[in-house]
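**Student:** What follows is a structure written as structure tokens; I'll ask about it next.
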Amino acid sequence: MPVTTAELGLDEVPWIGRVVGGRFRIDEPLGEGGLAVVYRAEHLELGRPVAVKVLHASLGTHGEARGRFVREAKALASLAHPHVVGLIDFGLEGYIPYLVMELLEGESLDATLEREGRVPAGRALVIARQMLRALAFAHARGLVHRDIKPGNVFLQSLQGESHVRLLDFGLAKFLERESRSGQALTRAGTVSGTPAYMAPEQAGAREADGRADLYATGVVLYEMLAGRCPFEGGSAEVMRAKMLTDPPPVSEVCPEADVPPALEAALRRALAREPRNRFESAAQMLEALDAVSPGGRAASRAPVTSRPGWWPVALLAPLLPAMICVTVGATALFVRALLPDEAEPVAEAAAVAPEEEPRFGDLPFLPRLAPDEWADPDTPSLLRDAHARIEAGEDIDAATQTDLLQYARSHPDDPRPHLLLGHVYAARLWRSDALSEYEAAHRIDAAARRDPRMLDNLVELVAHRHRRVSERAARAVERIYGAEALEAIDRALASGSVRGVGAERLQALRRRIEP
């Protein structure tokens with residue numbers, strides 16, 4: 001019978017102040033995901049800051065979680081490259097594995113797109129070329145990343161320029177030595193990754209090699225140029241579209257991007273449905289992008305806003321509850337990272353479309369979340385106290401957030417921790433995380449919609465300047481509340497704090513839901 005973490009005394013590990021590996025003193029938490037926590041630490045021998053990623057104690061005996069952790073360590077150990085985050089050490093603290101990596105300054109590409117919407121073609125080419133150099137190096141060593149997306153592309157700030165570092169090789173696939181020239185494979189019938197960036201063959205659980213990474217790079221480049229992915233919608237809907245249709249040209253989706261024909265041609269080839277019609281290698285795709293501008297590398301570089309110490313926004317984006325390989329059908333899972341904004345949820349793709357979530361009115365009005373329930377003696381003190389602190393306007397510390405996440409994992413039928421986390425993330429402006437938590441709460445129990453703070457926060461997100469956040473929030477409001485949200489929308493419009501594009505988006509939503 002396997003030993004449990006409780007028996008090992010590892011359920012509540014005091015990490016702050018602990019020296020792991022005899023050299024790395026853990027100083028403070030930087031962020032947390034479904035599989036691990038990342039801490040800022042100091043290398044005592046060298047006196048320099050590092051990042052230490054520690055597997056959750058509750059997953060210390062979970063074979064697949066530990067396997068993914070070890071896989072990432074092996075991948076990073078084999079990839080000493082300027083455009084891949086550097087591994088410093090790997091080991092066990094008691095029964096819990098940890099990774100020690102560089103602590104980078106800058107932000108993820110996902111955060112850049114969240115803030116800017118899209119980036120100029122010259123800068124997009126610079127970023128894509130650096131990504132391809134890293135992939136060419138990895139592929140030559142028999143390694144396919146399998147989860148290329150903006151959240152895993154970190155823009156390190158070096159002398160005012162954007163220097164790409166690829167992160168999170170936890171889903172990487174090591175090719176057999178004799179197969180390094182071509183066909184890599186996943187276990188038949190299962191695939192892991194992020195649907196918006198997956199290659200069509202991954203959705204069908206067909207063999208996927210390095211050309212799947214090139215497809216994902218094409219999606220990222222398309223998103224940088226157009227401000228949106230080639231295909232949008234639910235996980236299954238996106239994957240079906242990829243397998244059946246070609247993406248629209250960037251020039252049609254975003255004419256102001258001013259994409260040259262040579263770049264459009266390169267994108268068409270990178271995003272071909274059949275692997276045989278794509279670039280044969282990262283080096284070949286890099287050559288095509290080099291040819292887009294005069295001299296191959298003439299595209300200008302733009303500085304990236306530095307956010308010192310917050311590099312785990314990219315690293316943690318994929319660390320999600322239930323991320324470990326499931327069948328290709330799960331809907332998007334919530335992302336957790338204690339960082340500035342936001343990563344796209346990682347999910348598994350499905351051959352069968354998930355059921356449509358019923359609109360309000362089709363579901364029973366359940367009483368679970370009555371206003372006085374938070375004060376009910378039967379409500380766990382963790383939830384009761386967190387709710388009281390949120391209502392009092394207090395900031396919820398990282399330790400309490402971790403406790404709420406752990407409670408949510410151990411009580412999958414309770415929407416309350418998701419509601420509370422949604423409130424916390426909205427207050428911290430982690431908008432995508434807040435949306436994911438509110439959607440999770442409503443998915444678990446339709447009565448979650450009775451929480452007034454949830455509605456107000458969703459309406460505020462509809463008015464957000466970034467289109468991706470706004471559209472996702474609008475869909476949530478329309479699906480969960482319908483016309484019942486009109487009062488909250490009118491209140492927001494009358495407040496005078498919503499102007500310009502935000503007001504236009506609220507007005508558009510109002511027209512859609514009014515009777």
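The values are calculated or read from the model by the stated rules, or taken from the named source; none is laboratory data. Keep in mind it's a predicted model, so treat the numbers as computed, not measured. Positions of Cβ are generated from backbone atoms using ideal geometry, with glycine treated the same way; all protein chains shown enter the neighbour counts. The area values use the complete protein model at the heavy-atom level, side chains included, leaving out ligands, DNA and RNA. Shrake-Rupley method; radii C 1.70, N 1.55, O 1.52, S 1.80 Å.
A quick yes/no check of all residues on (1) at pLDDT below 65; (2) among the hydrophobic types (A, V, I, L, M, F, W, C):
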{"position": "Thr4", "(1), (2)": "yes, no"}
{"position": "Asp11", "(1), (2)": "yes, no"}
{"position": "Pro29", "(1), (2)": "no, no"}
{"position": "Glu32", "(1), (2)": "no, no"}
{"position": "Ala51", "(1), (2)": "no, yes"}
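**Student:** Moving to a separate point now. Of all residues being in contact with a Leu (Cβ under 7 Å, 6 or more places away or on another chain) and outside any helix (DSSP H, G or I) in region 459-514, which is most open to solvent (accessible area, probe 1.4 Å)? Just the residue, please.
**Tutor:** The qualifying residue most open to solvent (accessible area, probe 1.4 Å) is Glu514.
**Student:** Can you find, within region 406-422, the residue that is nearest to Ala448 (Cα to Cα) among those that are open to solvent by 20 Å² or more (accessible area, probe 1.4 Å) and outside any helix (DSSP H, G or I)? Step through it out loud before you land on a result.
**Tutor:** First, the residues of region 406-422 that are open to solvent by 20 Å² or more (accessible area, probe 1.4 Å): 406-407, 409-413, 416.
Imposing the further condition that a residue be outside any helix (DSSP H, G or I) reduces the set to 411-413.
Working: His411: 15, Pro412: 14, Asp413: 12 Å.
Per the stated criteria, the residue is Asp413.
**Student:** A further question on this structure: May I ask you to list the residues in region 129-163 that are in contact with a Lys or Arg (Cβ under 6 Å, 6 or more places away or on another chain) and either open to solvent by 40 Å² or more (accessible area, probe 1.4 Å) or under 17 Å from Leu214 (Cα atoms) (or both)?
**Tutor:** Gly142, Val144, Arg146, Glu161
**Student:** Could you list, in sequence order, all residues of region 82-101 that are of a type in the set (A, V, I, L, M, F, W, C), more than 18 Å from Gln130 (Cα to Cα) and surrounded by 18 or more Cβ atoms within 10 Å (Cβ to Cβ)? If you could, list the steps in order and put the result at the bottom.
**Tutor:** Restricting attention to region 82-101, the residues satisfying the condition of being of a type in the set (A, V, I, L, M, F, W, C) are 84-85, 87-88, 90, 92, 96, 99-101.
Retained after the next criterion (residues that are more than 18 Å from Gln130 (Cα to Cα)): 87-88, 90, 92, 96, 99-101.
Result: Leu87, Ile88, Phe90, Ile96, Leu99, Val100, Met101.
**Student:** Given the criteria over 30 Å from Arg479 (Cβ atoms), at pLDDT 90 or above, open to solvent by 10 Å² or more (accessible area, probe 1.4 Å) and of a type in the set (A, V, I, L, M), does Ala265 qualify? If you could, list the steps in order and put the result at the bottom.
**Tutor:** On the way: over 30 Å from Arg479 (Cβ atoms): yes; at pLDDT 90 or above: yes; open to solvent by 10 Å² or more (accessible area, probe 1.4 Å): yes; of a type in the set (A, V, I, L, M): yes.
Taking the combined requirement at face value, the residue satisfies it.
**Student:** Can you confirm whether Leu104 is of a type in the set (A, V, I, L, M), open to solvent by less than 20 Å² (accessible area, probe 1.4 Å), in a helix (DSSP H, G or I) and within 19 Å of Ile148 (Cα to Cα)? So that I can check it myself, show each step before the final result.
**Tutor:** Working: of a type in the set (A, V, I, L, M): yes; open to solvent by less than 20 Å² (accessible area, probe 1.4 Å): yes; in a helix (DSSP H, G or I): no; within 19 Å of Ile148 (Cα to Cα): yes.
No: the conditions fail for Leu104.
**Student:** Report, by residue number, each residue of region 63-81 that is in contact (Cβ under 8 Å) with a residue 40 or more places away in the chain and either in a loop (DSSP other than H, G, I, E, B) or buried (at least 18 other Cβ atoms within 10 Å of the Cβ) (or both).
**Tutor:** Within region 63-81, the subset in contact (Cβ under 8 Å) with a residue 40 or more places away in the chain is 64-65, 68-69, 71-72, 74-76, 78-79, 81.
Hits for region 63-81 are Ala65, Arg68, Phe69, Glu72, Ala75, Leu76, Ser78, Leu79, His81.
**Student:** Which one is most open to solvent (accessible area, probe 1.4 Å) among residues in region 173-202 that are modelled with pLDDT of 70 or more and of a type outside the set (S, T, N, Q)?
**Tutor:** Taking region 173-202 and keeping what is modelled with pLDDT of 70 or more, we get 173, 194-202.
The next check asks that each one be of a type outside the set (S, T, N, Q); those that pass are 173, 195-201.
Details: Lys173: 59, Pro195: 8, Ala196: 29, Tyr197: 10, Met198: 4, Ala199: 0, Pro200: 2, Glu201: 2 Å².
Taking the candidates together, the pick is Lys173.
**Student:** Of all residues in region 269-294, how many are assigned to a loop (DSSP other than H, G, I, E, B), over 26 Å from the mean Cα position of the chain (by Cα) and of a type in the set (A, V, I, L, M, F, W, C)?
**Tutor:** 3
**Student:** Check off (1) out of contact with any helix residue (DSSP H, G or I) (no Cβ under 7 Å at 6 or more places or on another chain); (2) modelled with pLDDT of 50 or more; (3) under 25 Å from Glu72 (Cα atoms) for Ala241 and give me the number that stays unchecked.
**Tutor:** (3)
**Student:** List pairs: first in region 396-419 and more than 20 Å from Glu439 (Cβ to Cβ), second assigned to a loop (DSSP other than H, G, I, E, B), Cβ under 7 Å, 6+ apart or cross-chain?
**Tutor:** From region 396-419, the pairs are Ala398/Leu338.
**Student:** Of the conditions (1) at pLDDT 85 or above; (2) open to solvent by less than 20 Å² (accessible area, probe 1.4 Å); (3) touching a Leu at 6+ places or on another chain (Cβ under 8 Å), Pro247 clears all except one; give me its number.
**Tutor:** Checking Pro247 against (1) at pLDDT 85 or above; (2) open to solvent by less than 20 Å² (accessible area, probe 1.4 Å); (3) touching a Leu at 6+ places or on another chain (Cβ under 8 Å), the one that fails is (2).
Yes/no matrix, rows are residues, columns are (1) free of Cβ contacts under 8 Å to residues at least 24 places away in the same chain; (2) more than 18 Å from Met198 (Cβ to Cβ):
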position: Glu232; (1), (2): no, no
position: Ala236; (1), (2): no, no
position: Met239; (1), (2): no, no
position: Asp246; (1), (2): no, no
position: Glu256; (1), (2): yes, yes
position: Leu289; (1), (2): no, yes
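**Student:** Let me ask you something else. For region 230-244, does any single residue satisfy the condition of being crowded, with 23+ Cβ neighbours inside 10 Å and more than 25 Å from Ala121 (Cβ to Cβ)?
**Tutor:** Scanning region 230-244, I find at least one residue that is crowded, with 23+ Cβ neighbours inside 10 Å and more than 25 Å from Ala121 (Cβ to Cβ), so the answer is yes.
**Student:** Consider region 16-46. How many of its residues are of a type in the set (A, V, I, L, M, F, W, C), open to solvent by 50 Å² or more (accessible area, probe 1.4 Å) and within 28 Å of the chain's Cα centre (by Cα)?
**Tutor:** Taking region 16-46 and keeping what is of a type in the set (A, V, I, L, M, F, W, C), we get 16, 19-20, 24, 26, 30, 35-38, 41, 44, 46.
Going one step further and asking which of them are open to solvent by 50 Å² or more (accessible area, probe 1.4 Å), we end up with 16, 19, 44, 46.
Still in the running and within 28 Å of the chain's Cα centre (by Cα): 16.
Residues meeting the conditions: 1.
**Student:** Just a yes or no: is a residue in region 209-221 at pLDDT below 90 and under 22 Å from Ala138 (Cα atoms)? Even if it seems obvious, please write down each step before you answer.
**Tutor:** First, the residues of region 209-221 that are at pLDDT below 90: 209-210.
Still in the running and under 22 Å from Ala138 (Cα atoms): 209-210.
Yes, because at least one residue in region 209-221 is at pLDDT below 90 and under 22 Å from Ala138 (Cα atoms).
**Student:** Here is a further query. Go through region 464-499 and count every residue that is on the phi > 0 side of the Ramachandran plot and without any contact (Cβ under 8 Å) to a residue 24 or more places away in the chain.
**Tutor:** Step one: filter region 464-499 for residues on the phi > 0 side of the Ramachandran plot, giving 482, 496.
Add one more test, that the residue is without any contact (Cβ under 8 Å) to a residue 24 or more places away in the chain, and what stays is 496.
Residues in region 464-499 being on the phi > 0 side of the Ramachandran plot and without any contact (Cβ under 8 Å) to a residue 24 or more places away in the chain: 1 in total.
**Student:** Name every residue in region 447-458 that is out of contact with any helix residue (DSSP H, G or I) (no Cβ under 7 Å at 6 or more places or on another chain) and open to solvent by 30 Å² or more (accessible area, probe 1.4 Å), in order of residue number. Break it down stepwise before answering.
**Tutor:** Taking region 447-458 as the starting set, the residues that turn out to be out of contact with any helix residue (DSSP H, G or I) (no Cβ under 7 Å at 6 or more places or on another chain) are 447, 450, 452.
Hits for region 447-458 are Arg450, Pro452.
**Student:** Then there is this: Working only within region 103-118, note down all residues that are over 26 Å from Phe24 (Cβ atoms) and among the small types (Gly, Ala, Ser). Give the steps one after another, and end with the answer.
**Tutor:** Taking region 103-118 as the starting set, the residues that turn out to be over 26 Å from Phe24 (Cβ atoms) are 109-118.
The answer is Ala111, Gly117.
**Student:** Let me ask another. Is there a residue being under 22 Å from Arg389 (Cα atoms), assigned to a loop (DSSP other than H, G, I, E, B) and among the acidic types (Asp, Glu) anywhere in region 437-456?
**Tutor:** yes
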